[in-house]
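Contents: one structure, followed by commentary.
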């Protein structure tokens, strides 16, 4: 009773940091409840990942090996997760709010007739959760009623679980799927290839806004700085809306939420929707020619300057620092 | 897809995204004086997509649906002025949780039998990003969340989705639920003739209790508070100074 199931997303056989965050949050919740934390993985040929996630402190790994789960699809995966949750009598089903977590967990909640809290940032001792609303301008303390709950966690709000020496047992079972009810077909995935770090995992993020004026300027002005500093590249919604860069790079309320050690905002005015996605970064730098820009109100270090001069200059300065 | 397409578009009334949100001192809600209310921006994209699908198909019916108080009529009229055909306001004077909202919408869909439900991926007030997926599961329909492109070929619908690391393409037969992402389209403004016409379009009110779905909220908000404000730091005089403090003071590079 009271067990926590963590849906452990894996990619090409490995677990991204976002998954290890979910495991850690699951462990914290289970510990506060005096319950067990079980990792659930789905897919085909998943012995490797099952053995790997077993080392992260969970009490058990359930591996749902099924060809119908080889490619993630919301309807099949929701059924599979719910099948396990019901069999175990889990109290909480938890995942990180990644694109997949956001896509599947509400289906899980509806199927379980369970309330769901999205993107929690705190697990309270009394069983309540804290989650942001209104682009992070409000923090709500929420309570989930009933015997079973669904939760997604914000990736930046928890640390990643660490691997230990011992491994939990792996239980490999087939998925309970009602095949006739599955209606979605995976057609293809067009990966945006990049040698840069992932936005959600990077130690440093450099983001550009409408001030960059074009996609071309992202390439010629911003990217040299991004690469010199070894950062992930992000963008404001305005830059995405203008078509300068793909939506995948969007940082903000409706894009990705990041909290790196260093966040450099270039040509970004700092609308509340953007601040929602980066204001928990450890150190924030803003470069903007408008000294009244709201981004300066959250920046540790501000530089009022023309980005087309300042950014190449900064790239050069960083080269000097590196070589000194 | 049949020539005449019926699309249900749930729309939520939310504070204008440019509004500064203030939490009431007792933590029971947000201050609603001086708030300009608008259609949730992602739902507006949903209305626009429905209009484009209907225009492409040649004929169809677009039904807007809101669940709330009488004042919500205002946003429904805006959607009708954009070009939707009729609207349903399910009157609910107390707050419902996401699961109850999804059940209400699913029940209206069961009554109206649309081929598509198109909805914003998230409402910018509670930022939950749940309802579209919950509707799909409740109805046993396929879903395509975070859509950036929707196309039809024969009986099949193909949707390109904005996901982590790239674009995913899904296909399914209708009926289905689609949730909209930013780049699906740019919503049109209501024209003056559109606004005039909207006044005469049907807007039906039905009491939420009449739908016979479970409404008691299981997701309860206990209290709200404002997050701690981040303090502004200092402005530096030059790029050299900036790089120097990042190196020696913040020690991040």
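All of the numbers you see were taken from the coordinates with simple rules; none came from a lab. Bear in mind the structure is a predicted one, so any value in this text is a computation, not a measurement. Please note: Cβ atoms are built from the backbone with ideal geometry, for glycine as well, and neighbour counts cover all protein chains shown.
With Rg and the Kirkwood Rh both taken from Cα atoms, where does Rg over Rh land for the protein assembly as shown?
Values: Rg = 23.7 Å, Rh = 24.6 Å.
Dividing the radius of gyration by the Kirkwood radius yields 0.96.
Which of A:20, B:76 has the fewest other C-beta atoms within 10 Å, and how do the rest follow up to the most? Mind dumping the intermediate values first?
Numbers: A:20 21, B:76 24.
Arranged by neighbour count, lowest to highest, A:20, B:76 become A:20, B:76.
Shielding of A:300-311 by partners, i.e. mean partner chain Cβ atoms within 10 Å per residue? Intermediate values should be presented prior to the final figure.
Values: counts 10, 10, 6, 7, 3, 5, 0, 0, 0, 1, 3, 1.
Counting other chains' Cβ atoms within 10 Å and averaging over A:300-311 gives 4.
As a test of the formula, what do you get for the protein assembly as shown when each DSSP H run with n ≥ 4 contributes -39,500 (n - 2.57) and the sum is divided by the residue count, at 222 nm and rounded to the nearest 500 deg cm²/dmol? Working shown, then result.
Values: 14 runs with 153 residues, N = 577.
Here the helix-only value at 222 nm equals -8000 deg cm²/dmol.
If you count, for every residue in A:188-198, the Cβ atoms of partner chains within 10 Å of its Cβ, what is the mean?
3
So what is the relative contact order of the stretch A:101-167, in percent, for Cα pairs below 8 Å that sit 6 or more residues apart?
On the way: 91 pairs, mean separation 23.5, N = 67.
Here the relative contact order equals 35 percent.
How far is the Cα center of the stretch A:32-108 from the Cα center of the stretch A:195-269, in Å?
32
Test of understanding: what is the full-extension gain from residue A:126 to residue A:47, defined as 0.36 nm times their sequence separation minus their Cα-Cα distance? Don't skip to the end; give the middle numbers.
Details: separation 79, 0.36 × 79 = 28.44 nm, distance 3.70 nm.
This chain segment gains 24.7 nm when fully extended.
Identify the residues of the stretch B:201-243 with backbone N under 14 Å of a label point that sits 7 angstrom from the Cα of residue B:85 along the Cα-to-Cβ direction, or state none.
B:201-203, by backbone N distance to the label point.
Could you rank the peptides B:9-19, B:113-123 by their average count of other C-beta atoms within 10 Å per residue, with the highest value first?
Working: B:9-19: 20.7, B:113-123: 24.6.
Output ranking for B:9-19, B:113-123: B:113-123, B:9-19.
Modelling each spin label as a point 7 Å along the Cα-to-Cβ direction, I'd like the residue A:187/residue A:87 distance in nm, to one decimal.
3.4
What is the distance, in nm, between label points placed 7 Å from the Cα along the Cα-to-Cβ direction at residue A:308 and at residue B:238?
Each label point is offset 7 Å from its Cα along the Cβ direction, giving 2.3 nm.
Arranged by the count of other C-beta atoms within 10 angstrom, fewest first, what order do A:236, B:148, A:207, B:210 take? If you can, show how the numbers build up before the last one.
Numbers: A:236 33, B:148 18, A:207 30, B:210 10.
Ascending number of Cβ neighbours within 10 Å: B:210, B:148, A:207, A:236.
Kindly list the residues of the stretch A:167-187 that lie in the label zone of residue B:151, defined by a backbone N under 15 Å from the point 7 Å along the Cα-to-C-beta vector.
A:187, by backbone N distance to the label point.
How would you rank A:210, B:188, going from fewest to most other Cβ atoms within 10 Å of each one's own Cβ? Could the numbers behind the result be given before it?
Values: A:210 17, B:188 14.
Least to most surrounded, the residues fall as B:188, A:210.
Label residue A:282 and residue B:223 with points 7 Å out from Cα along Cα→Cβ: what is the distance between them in nm?
3.1
Between residue B:186 and residue A:198, what's the calculated FRET efficiency when r is the beta-carbon distance and R0 is 30 Å? Round to 0.05.
Details: r = 29 Å, r/R0 = 0.97.
According to the calculation, E is roughly 0.55.
Output the antiparallel fraction of DSSP beta bridges having both residues in the protein assembly as shown, as a percent to the nearest 5.
Beta bridges within the protein assembly as shown, antiparallel portion: roughly 35 percent.
Working out 0.36 nm times the residue gap between residue A:216 and residue A:316, then minus their Cα-Cα distance, what length gain in nm do you get to one decimal? Before the final figure, lay out the partial values.
Details: separation 100, 0.36 × 100 = 36.00 nm, distance 1.99 nm.
Extending this stretch completely gives an extra 34.0 nm.
Averaged across the residues of B:138-144, what count of C-beta atoms belonging to other chains lies within 10 Å of each residue's C-beta? Don't jump to the answer; show the numbers that get you there.
Details: counts 4, 1, 6, 4, 7, 10, 3.
For peptide B:138-144, the averaged partner shielding equals 5.
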